[in-house]
Amino acid sequence: MSPDSVPPGSLRPAAEVNEQIRALWLRAGGSLSAQERAEYELLVVEWAEAIRGEIIEAA
């Protein structure tokens with residue numbers, strides 16, 4: 001699933017996004033291509049938003 005396929009405003013759980021980040025690094029063998037880096041950056045932004053959402057829910 002590409003980060004682009006997640007509709008704006010719908011947050012996946014941070015753990016799910018984290019798993020996708022880990023899988024990306026494993027596939028890349030620890031060295032990201034330009035395309036993989038762009039995907040990684042999108043995933044990190046999505047992960048941060050999910051974390052914020054989980055913190056706000058907990059409060």
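The values are calculated or read from the model by the stated rules, or taken from the named source; none is laboratory data. Quick caveat, the model's predicted, so the values are computed rather than measured. Using ideal geometry, Cβ is built from the backbone for each residue, glycine included, and neighbour counts are taken over all protein chains shown. Surface areas here come from the heavy atoms of the whole protein model, side chains and all, with no ligands, DNA or RNA. Shrake-Rupley method; radii C 1.70, N 1.55, O 1.52, S 1.80 Å.
Values as computed for the structure displayed
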read-out	value
Per-residue HN-Hα couplings for the stretch 49-54 [Karplus 6.51, -1.76, 1.60; θ = phi - 60°; Hz; x = Gly/Pro]	5, 5, 4, 4, x, 5
Residue order for Glu39, Glu49, Glu57 - accessible surface, 1.4 angstrom probe, largest first	Glu57, Glu49, Glu39
In nm, spacing of pseudo-spin labels at Arg22 and Ile51 (7 Å Cα→C-beta vector)	1.6 nm
